[in-house]
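Quick notes on the structure that follows.
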Amino acid sequence: MKNLVAVLFLFLSITGFSQENKEHKTKQHLKNISAEEMAELQTKRLTLALVLNEKQANEIYDLNLKASKKWKEKITDQKDLVHTQKADRGSSIDRRIAMLDAKIEHQEKMKNILDQDQFEQWRKMNSSKNKMHKNRYKRRMSRR
C-alpha cells in the first residue's frame, strides 16, 4: 500500500512539473523574439495562406511590425502594472476598449490591403484562432 501511494505521488509530481515547464517554455519563446522577427513570421504565414503579392506582403509587414512593437510595449507595461499594484475595474475596462478599438483599426487596414476573397479567408482564420484562445482560457479557468 505504501509503495502504491509513493508511486502515485511520484507520478502526479512528474506530471505537474512537465506541464509547468511547457507553459514556461512558450512564454520564454515569446520574450526572446524581436518585433521584426515576429512581424516577418506573421507576414510569411499570411503570404502562404492568402497568396499575397509583393505589394500586399510589404504593406502587411509594416502593419504587423507596428502591431508587434505595440504588443511588446504592452507586455512590459502589464508586467510593471502587476508588480506595482492590482488594476482597478475601471482601468481594466479602458484597456479592453482600447484593445477592441485597435482590433477594429487593424481590421479596417487589412480590408484596404487585401482583396475581398483574401479578406474573407483572413477573417475565417482569425475566427478559428479566437475560438481556440477562448477554449484555452476556459480550460485554464476551470482548473483553478
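The values are calculated or read from the model by the stated rules, or taken from the named source; none is laboratory data. What you are looking at is a predicted structure, and each value in this text was computed from that prediction instead of being measured. Every residue, glycine as well, gets a Cβ built from its backbone with ideal geometry; the counts of neighbours run over all protein chains shown.
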query = When you look at Ala87, is it small (Gly, Ala, Ser) and either at pLDDT below 80 or not in a helix (DSSP H, G or I) (or both), yes or no?
reply = yes
ask   = Does Lys111 satisfy being part of a helix (DSSP H, G or I), at pLDDT 90 or above and of a type outside the set (Ser, Thr, Tyr)?
value = yes
query = What is the one condition in (1) farther than 25 Å from Val51 by Cα; (2) exposed (fewer than 11 other Cβ atoms within 10 Å of the Cβ); (3) at pLDDT 80 or above that Ser128 does not satisfy?
reply = (1)
query = Could you list, in sequence order, the residues of region 114-132 that are closer than 21 Å to Ile60 by Cβ, assigned to a helix (DSSP H, G or I) and not polar (S, T, N, Q)?
reply = Asp117, Phe119, Glu120, Trp122, Arg123, Lys124, Met125, Lys129
task = For Gln42, indicate whether it is at pLDDT 65 or above, part of a helix (DSSP H, G or I), farther than 26 Å from Thr76 by Cβ and touching a helix residue (DSSP H, G or I) at 6+ places or on another chain (Cβ under 6 Å).
result = no
